[in-house]
Amino acid sequence: MYEKILVPLDGSALAERAIRHAQEIAHGTKSEILLLQAVNLPMPVVPEAVLIPDAKWLDEARKEAARYLEGIAAPLREAGLRVRTLLDDRPPADAILHVATREEVDLIVMSTHGRGGFSRLLMGSVAESVFRATSRTVMLVKPERPAVAAQHDEEWYLHIP
């Protein structure tokens, strides 16, 4: 059913949560996993500001991203999976959509921050952008909910005067 699974990563533990889901699917379907990281200049703090690309910075960022992806890929390969690593210079959502099309992936497995409301409006959502823009199957891995301390039933009541 799935031949290629794209897993976009940004170096965060949250993004890496998608790996084990892709790994399980790949084990069952003998799929190839494509690990992707977008390497581009950060957005300026002031919208009117223009960042001039620094070739040295971008080259170092690419090398660091390649090392990071190979570090993720190595244990997957040791587990018997086919894995490729890819870098793209586009902004994250554009990179994911471009690679998904170019590589003809069947499934995109990615984490989401789980933000809602005003926070998502301010920060944007790469996952939502990808989900809305592609016709490919997308699996969104939500963040784990923080553990809540157990409370006794008697503390849970509604007091209406």
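The values are calculated or read from the model by the stated rules, or taken from the named source; none is laboratory data. A quick note: this is a predicted structure, and the numbers were derived from the prediction, not measured. When we count neighbours, we look across all protein chains shown, and the Cβ atoms used for this are built from the backbone with ideal geometry, even at glycine. Heads up: the accessible areas ignore ligands, DNA and RNA and are worked out on the full protein's heavy atoms, side chains in. Shrake-Rupley method; radii C 1.70, N 1.55, O 1.52, S 1.80 Å.
Kindly state, to the nearest 0.05, the FRET efficiency for Ala133 paired with Arg67, given R0 = 30 Å and r defined as their beta-carbon distance.
It comes out at approximately 0.50.
Can you sort Ser129, Ser111 by 1.4 Å-probe accessible area, starting with the largest?
Greatest to least solvent exposure: Ser129, Ser111.
Accessible area, 1.4 Å probe, largest first: how do His27, His21 sort?
Largest to smallest exposure gives the sequence His27, His21.
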